[in-house]
Amino acid sequence: MKKIITMQDVSCVGKCSLTVALPILSAIGIETAVIPTAVLSTHTMFSEFTFHDLTREVEPILAHWQKEGFSFNGVYTGYLGSFDQIELAQNLFNQFGKNALKVVDPCMADNGELYPGFDVPFAHKMGELCAVADIIVPNLTEASFLLDIPYQEKYDEAYIQDVLRKLTDLGCPTAILTGIQFEHGSIGAYAYEKDSDTFTSYFNQEEPRHFHGTGDIWASTFSGGLIQGLSLLKAMTLACDYVKESIHKTLEEENYNTYGVNFEQAMPFLIKSLDNYNKG
Ligand code: PXL
């Protein structure tokens, strides 16, 4: 059985970070070791939330895992709350990432703005973690902060390709931009692999609403798909299709939540899709 480590917070309500990564990776059939970086009552898009920092736990956890001789096929980091946590993620990559696929989702911004509590120096520090990843999966806002370029709402394919090349110049061989929209009604992911100088993209029909937390669902599904041996395009396709289905299930519900999507009800779709890929 394949094994992955994921390092991110526990937002007790909010359907993001560990509370989506763990069930999704389990559904994909991967044993998942977790490094919880903090416990919050909700994610930070609520007007208030409690926050208990777990940074001090990370080093002892890693030291114990080293002693046990554990090894993993993948290491995937999501929302990290401080400079210290980014440095610990770098240690994690050094200790457990040598023979593992290292995926960084630089969760820190959306819709042109940084999330509460983050600033430009934090974004640059996140760039240092991206430099030592195999694959990074920012949205365009995060990419703009990583590269210190203005966020653009309207763009064309040449612009996206240029941003992707610049992202790989940070040091990672592959970069994928998520939530890309060249035209109204279509949304998808666009990847660049530096070694082969190849671009790959996948687009879906856009659902009528956007939701918080879909980036975490995308990154968890994509990381799990790759660890299970899917090609880059198939893992991107699985992630885009599962996010779309999760939004679809959400919108089917009367009085649906707006803080996160119904990824739980779309899980049969995820498992069936993965089965079909494995058969095909
Ligand atoms: O979805 C990313 C995320 C994860 N964890 C926390 C967050 C967010 C986004 O706002 O606040 C605590």
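Work out how much length ASN94 to SER26 would gain on full extension: take 0.36 nm times their residue separation and subtract the Cα-Cα distance, in nm to one decimal.
Details: separation 68, 0.36 × 68 = 24.48 nm, distance 2.49 nm.
Gain on extension, ASN94 to SER26, equals 22.0 nm.
Are there GluC sites (Glu not before Pro) in region 68-175 that DSSP marks as loop and that have at most 14 other Cβ atoms within 10 Å, and which are they? Kindly include the intermediate steps, with their values, before the conclusion.
Details: sites: GLU68, GLU87, GLU113, GLU128, GLU142, GLU153, GLU157; in loops: GLU153.
Listed in order of number, the matching sites are GLU153.
Averaged per residue, what accessible area in Å² does the chain show with a 1.4 Å probe, protein chains only?
Numbers: 12520 Å² over 280 residues.
With all protein chains present, the chain gives 45 Å² per residue.
Enumerate by residue number the trypsin sites (Lys or Arg not before Pro) in region 113-195 meeting two conditions: DSSP loop (anything except H, G, I, E, B), and at most 15 other Cβ atoms within 10 Å of the site's Cβ.
Values: sites: LYS125, LYS154, ARG165, LYS166, LYS194; in loops: LYS154, LYS194.
The qualifying sites are LYS154.
With point charges of +1 on the Cβ of Lys and Arg and -1 on the Cβ of Asp and Glu, referenced to the Cα centre of region 169-280, which listed residue (LEU232, TRP218, THR258) lies farthest in the positive direction of the dipole?
LEU232
So which trypsin sites (Lys or Arg not before Pro) in region 44-111 are both in a DSSP loop and have at most 14 other Cβ atoms within 10 Å of their Cβ?
Within region 44-111, the qualifying trypsin sites (Lys or Arg not before Pro) (loop, at most 14 other Cβ atoms within 10 Å) are LYS98.
At a Förster distance of 22 Å, what's the computed FRET efficiency of GLU157 paired with ASN111, Cβ-Cβ distance as r, to 0.05? Display every interim value, and only then the final one.
Numbers: r = 21 Å, r/R0 = 0.97.
About 0.55, to the nearest 0.05.
Given points 7 Å out from each Cα along the Cα-Cβ axis, report the ALA63 to SER186 separation in nanometres with one decimal.
5.4
Rounded to the nearest 5, what % of DSSP beta bridges with both residues in region 56-169 are antiparallel? Spell out each step's value before the answer.
Details: 2 of 8 bridges.
About 25 percent, rounded to the nearest 5.
If the limit is 25 Å between Cα atoms, which of LYS15/LYS272; LYS67/LYS125; LYS125/LYS234; LYS125/LYS154; LYS98/LYS279; LYS3/LYS279 go over it? All intermediate terms of the calculation are to be shown ahead of the outcome.
On the way: LYS15/LYS272 22 Å; LYS67/LYS125 29 Å; LYS125/LYS234 31 Å; LYS125/LYS154 27 Å; LYS98/LYS279 30 Å; LYS3/LYS279 22 Å.
The pairs that break the limit, which is 25 Å between Cα atoms, are LYS67/LYS125; LYS125/LYS234; LYS125/LYS154; LYS98/LYS279.
Using only the Cα atoms, what convex hull volume per residue in Å³ does the chain have? Intermediate values should be presented prior to the final figure.
Values: hull volume 34.1 nm³, N = 280.
Each residue corresponds to 122 Å³ of Cα convex hull volume.
For region 136-202, which whole-number percentage of the solvent-accessible area (1.4 Å probe, protein heavy atoms only) is attributable to carbon and sulfur atoms?
Values: 1400 of 3060 Å².
Its accessible area is 46 percent carbon and sulfur atoms.
How big is the dipole moment of region 1-79 about its Cα centre under a simple scheme where the beta carbon of each Lys and Arg is +1, that of each Asp and Glu is -1, and everything else is neutral? Debye, nearest 20, please.
Working: 5 positive and 7 negative charges, 53 e Å.
Computed about the Cα centre, the dipole is about 260 debye.
Measuring from centroid to centroid over Cα atoms, what is the spacing of region 259-280 and region 163-239 in Å?
One Cα centre to the other: 17 Å.
About its Cα centre, what dipole magnitude does region 3-279 give when the only charges are +1 on Lys and Arg Cβ and -1 on Asp and Glu Cβ, stated in debye to the nearest 20?
On the way: 17 positive and 36 negative charges, 154 e Å.
Approximately 740 debye in magnitude.
GNM, the chain, Cα, under 10 Å: largest mean-square fluctuation among TYR76, TYR242, TYR159?
TYR159
Rounded to the nearest 5, what % of DSSP beta bridges with both residues in the chain are antiparallel?
Numbers: 18 of 40 bridges.
Around 45 percent antiparallel, to the nearest 5.
Ignoring everything except DSSP H segments at least 4 long, calculate the 222 nm mean residue ellipticity for the chain; use -39,500 (n - 2.57) per segment, divide by total residues, nearest 500. Walk me through the numbers on the way to the answer.
Details: 9 runs with 119 residues, N = 280.
The per-residue figure over the chain is -13500 deg cm²/dmol.
The values are calculated or read from the model by the stated rules, or taken from the named source; none is laboratory data. Everything numeric in this text was worked out from a predicted model, so none of it was measured. Methodologically, a virtual Cβ is constructed for each residue, glycine included, from the backbone with ideal geometry; neighbour enumeration extends over all protein chains shown. Accessible surface is based on the protein model in full, side chains and every heavy atom, while ligands, DNA and RNA are left aside. Shrake-Rupley method; radii C 1.70, N 1.55, O 1.52, S 1.80 Å.
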